[in-house]
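The structure appears below as structure tokens.
The values are calculated or read from the model by the stated rules, or taken from the named source; none is laboratory data. In this text the structure is predicted, and so the values were computed from the model without any measurement. As a convention, Cβ positions derive from the backbone with ideal geometry for all residues, glycine included, and neighbour counts pool all protein chains shown.
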């Protein structure tokens, strides 16, 4: 019975692919990650073979996640070529992120990468950053990473790329329990399972993760990472009404609590409390196939995110700091795929309602967004396809946006393939930039107002009653914020000399305009400044990346990746070229003219990043091992001489190399025992890589119970 | 007032080929946003006591990251200043005109963005490399100055790091005073 159900399911999938496969030269026998990860959905919003898509993509399969011993999403993403998990300093296009572990893709910072869960956007960005450690990987079947702008399909945020976390259930009926213990009293427990009959499939996942945190710098009273615990629960239900209609209902809930203690103007901890995160997603999706040529997907999403930080003074017990951020998101979207001869047409549209309420905004804010998109994938010849796409986003609170994309996939022969794409990306002004209404009473009384909260008339009113001393000319330039926009270009050559071998080189360039920054618009009567947001900066990122996958000696698999990256703030670079920018070679040294070679680009970017991963999977004995090394060259972290970039040794963080080792043993069908050591070389940087602990170990035991078919 | 000052300036004799000696000085100033400014005089070559605040002995004053000049709303002198984007050594002559004055307590001659950037991450401010202050002093002489460092310090001038709260800012200044003409 089960077997037949599975066959039907496979047939269902194949039906979606059939038109496509019939045009393909011949089905490719790849890949390294196993056949089940062969399909990529994120690139075109329709299922495509990885070897047949026109944009640079990485697919990280369940097996690789398992072999790497990863627990959270940031663990596995930081081992991928061209991806860097940022932590620490600053925010925005020219910074990293103070809020957790974000991802940097093609040199664009965490704010500019879209993160999807089963194809639907995740919410809960703080300071622009989606904290990846919120996501457990135990329920992930695969992760698709699409590089380069994809706003033509996904809208705002899909500027550097798209990361889609796919949590499909394991087919069959089984139950798995697992436990891990490791350094820093890290504990992780999960129970997951699936149950299926001919019409229904149920998948559940429950996880508890906790750690006592760690200390990288004993000279500071605060711990580098404070103790935390969190729970993740997922319940996914699929019902097949008939051969053509299927409903998937996905629910996810996360609760996390982390201690936070600070030494405020003191050598001892004097302020403490908790940060609490609650987030949930409810996502029903109805798939219907009208005919062999027309299929439809209707998706509804309701999600919420609530973060509260509540700190008290430990001496007086009085409240020291309270911050609450509550975001809600509702979306209805429909997508129809139509096969018309050699054309695969994808048409869709939707409506999004978002609300946000925080202690730093005047009131609850609502955003209404309408969007529509169309994409045509044209099989010009068996080995050549062209893709053109266009998306329109209309928002109530900022200027609307049209995002086109063109892509080409050209299979020269069995071994060589060329992919090229040019596309537009955009990022809507974030909530802060629109709605912030913040007066800092603790400092000198400076204030910041989002563009929607700002008006010259209000400044003039305040000037008339003597609160504002002077309105600066810049105030009159503040207007409706434009989305930050980019044009991205990718050109890739793939070489597959034999099954299991793949080499790829990709050249990319992203030009980003309209970057939003805050500028002073007025001076208060006490001399402090009033700020608001405006589109000013322009930047670019460009580079070349290469990757290599080799399957050798039956049980061995080697993969390696490298990225060379150049970035620049175009205004600063222009001023450097014009000979108007100076710097100091050390603190207190006389100013010296900066040359082009002194300009290191945007902060927080490494020119060189590389990784190498060796996997050994000895099926006869049940032993598996993986050895992974990740390198990044020095990166600018701070500007100490006022020229806006890093140009002297104390403005850079030193390059680092991380080596991780995992050893896994399968016992019979049911048991899996794993032991791992991360950061073998004990390379740490308390200041600029606080998310990277020193050498640490873990051990995991998993038991899987496969139920007999009814 | 402005017209009188500029007119007066243009009557100066200048371009005397006497080189101005370059000096360096640590200047420890009030590290709080309120209270008294610490005063500096180029002719003295260093600190001027606050008891002399109604004289022409001082040319500019500093408190935290704020700079006043001895003119207009801030003092009885004739001091003015302009900030140029040229390294200290490249400034060879002080312009005849273009000096700004403290017209009111909120409209000071020196604007923050002219000479430093504030770093929200480190909560520190960094003097922008290559910005040179050209002063016309309280007594209508000329001086140029570069702020090399601005570092948090305690009352004794020892540098401090968080969590110790600085009570002073230790400025390292490089300057040249020309008592005769506008050439440096």
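If you check A:281, A:359 for being more than 14 Å from chain B (Cβ to nearest Cβ) and surrounded by 16 or more Cβ atoms within 10 Å (Cβ to Cβ), only one passes: A:281. State all residues of segment A:612-643 that are within 26 Å of the chain's Cα centre (by Cα) and within 12 Å of chain B (Cβ to nearest Cβ); if no residue qualifies, say none. Result: A:637, A:638. Considering every residue within segment A:488-497, establish whether at least one is modelled with pLDDT of 85 or more, surrounded by fewer than 17 Cβ atoms within 10 Å (Cβ to Cβ) and at positive phi. No, there is no match, as no residue in segment A:488-497 is modelled with pLDDT of 85 or more, surrounded by fewer than 17 Cβ atoms within 10 Å (Cβ to Cβ) and at positive phi. From the list B:138, B:105, the lone residue that is within 14 Å of another protein chain (Cβ to nearest Cβ), out of contact with any strand residue (DSSP E or B) (no Cβ under 6 Å at 6 or more places or on another chain) and touching a residue at least 24 places away in the same chain (Cβ under 8 Å) is B:105. Residues that are modelled with pLDDT of 95 or more and either in a strand (DSSP E or B) or within 30 Å of residue A:66 (Cβ to Cβ) (or both) were ranked within segment A:594-610; the one that is nearest to the other protein chains (Cβ to nearest Cβ) is A:609.
Filtered by the rule that a residue be buried (at least 19 other Cβ atoms within 10 Å of the Cβ) and closer than 16 Å to residue A:614 by Cβ, segment A:651-685 gives A:658, A:660, A:662, A:664, A:676, A:678.
So is residue A:566 away from every other protein chain (no Cβ under 12 Å) and either touching a helix residue (DSSP H, G or I) at 6+ places or on another chain (Cβ under 7 Å) or within 15 Å of residue A:104 (Cβ to Cβ) (or both) or not? Here the answer is yes, as residue A:566 does meet what is asked. Per the listing A:63, A:49, the residue uniquely away from chain B (no Cβ under 14 Å), within 23 Å of the chain's Cα centre (by Cα) and modelled with pLDDT of 85 or more is A:63. Is it the case that residue B:47 is touching a strand residue (DSSP E or B) at 6+ places or on another chain (Cβ under 7 Å) and over 26 Å from residue B:184 (Cα atoms)? No: the conditions fail for residue B:47.
Where in segment B:35-80 are the strands (runs of 3 or more DSSP E), entirely inside, with at least 1 residues that are farther than 13 Å from residue B:102 by Cβ, modelled with pLDDT of 95 or more and in contact with a helix residue (DSSP H, G or I) (Cβ under 9 Å, 6 or more places away or on another chain)? Lay out the reasoning, then the answer.
Values: elements: B:38-41, B:46-48, B:60-63, B:66-69.
The qualifying strands (runs of 3 or more DSSP E) are B:38-41.
With segment A:275-361 as the region, which strands (runs of 3 or more DSSP E) entirely inside it contain at least 1 residues that are over 26 Å from residue A:135 (Cα atoms) and free of Cβ contacts under 8 Å to residues at least 12 places away in the same chain? Give the derivation first.
Values: elements: A:294-313, A:319-340, A:343-358.
Passing ranges, in order: A:319-340.
Would you confirm whether any residue within segment A:516-528 is away from chain B (no Cβ under 14 Å), in contact (Cβ under 8 Å) with a residue 12 or more places away in the chain, crowded, with 21+ Cβ neighbours inside 10 Å and touching a strand residue (DSSP E or B) at 6+ places or on another chain (Cβ under 9 Å)?
In the first step, residues of segment A:516-528 are kept if they are away from chain B (no Cβ under 14 Å); the result is A:516.
Filter again for in contact (Cβ under 8 Å) with a residue 12 or more places away in the chain, leaving A:516.
Pick out the ones that are also crowded, with 21+ Cβ neighbours inside 10 Å and you get A:516.
Going one step further and asking which of them are touching a strand residue (DSSP E or B) at 6+ places or on another chain (Cβ under 9 Å), we end up with A:516.
Yes, the conditions are met somewhere in segment A:516-528.
A single member of B:84, B:93 is surrounded by fewer than 19 Cβ atoms within 10 Å (Cβ to Cβ) and within 14 Å of the chain's Cα centre (by Cα), and it is B:84.
Being modelled with pLDDT under 90, surrounded by 17 or more Cβ atoms within 10 Å (Cβ to Cβ) and more than 14 Å from chain B (Cβ to nearest Cβ) is the requirement here; does residue A:534 meet it?
Values: modelled with pLDDT under 90: yes; surrounded by 17 or more Cβ atoms within 10 Å (Cβ to Cβ): yes; more than 14 Å from chain B (Cβ to nearest Cβ): yes.
For residue A:534, the condition - modelled with pLDDT under 90, surrounded by 17 or more Cβ atoms within 10 Å (Cβ to Cβ) and more than 14 Å from chain B (Cβ to nearest Cβ) - is met.
Do we have residue A:239 as at pLDDT 90 or above, in contact with a strand residue (DSSP E or B) (Cβ under 8 Å, 6 or more places away or on another chain) and surrounded by fewer than 16 Cβ atoms within 10 Å (Cβ to Cβ) here?
On the way: at pLDDT 90 or above: yes; in contact with a strand residue (DSSP E or B) (Cβ under 8 Å, 6 or more places away or on another chain): yes; surrounded by fewer than 16 Cβ atoms within 10 Å (Cβ to Cβ): yes.
Against the criterion (at pLDDT 90 or above, in contact with a strand residue (DSSP E or B) (Cβ under 8 Å, 6 or more places away or on another chain) and surrounded by fewer than 16 Cβ atoms within 10 Å (Cβ to Cβ)), residue A:239 qualifies.
Of the numbered criteria (1) more than 14 Å from every other protein chain (Cβ to nearest Cβ); (2) in a strand (DSSP E or B); (3) surrounded by fewer than 18 Cβ atoms within 10 Å (Cβ to Cβ), the one residue A:549 fails is (3). Put simply, of B:83, B:69, B:48 the only residue that is free of Cβ contacts under 8 Å to residues at least 24 places away in the same chain and either closer than 25 Å to residue B:22 by Cα or away from every other protein chain (no Cβ under 14 Å) (or both) is B:48.
Please go through segment A:106-123 and give me each residue that is surrounded by fewer than 24 Cβ atoms within 10 Å (Cβ to Cβ) and more than 13 Å from residue A:162 (Cα to Cα), ordered by number. Passing the criteria: only A:123.
Taking the criterion of being facing chain B (nearest Cβ under 10 Å) and either on the phi > 0 side of the Ramachandran plot or crowded, with 17+ Cβ neighbours inside 10 Å (or both), the residues of segment A:575-590 that qualify are A:575, A:581, A:582, A:583, A:584, A:588.
Inspection of segment A:471-482 identifies at least one residue that is buried (at least 17 other Cβ atoms within 10 Å of the Cβ) and within 13 Å of chain B (Cβ to nearest Cβ).
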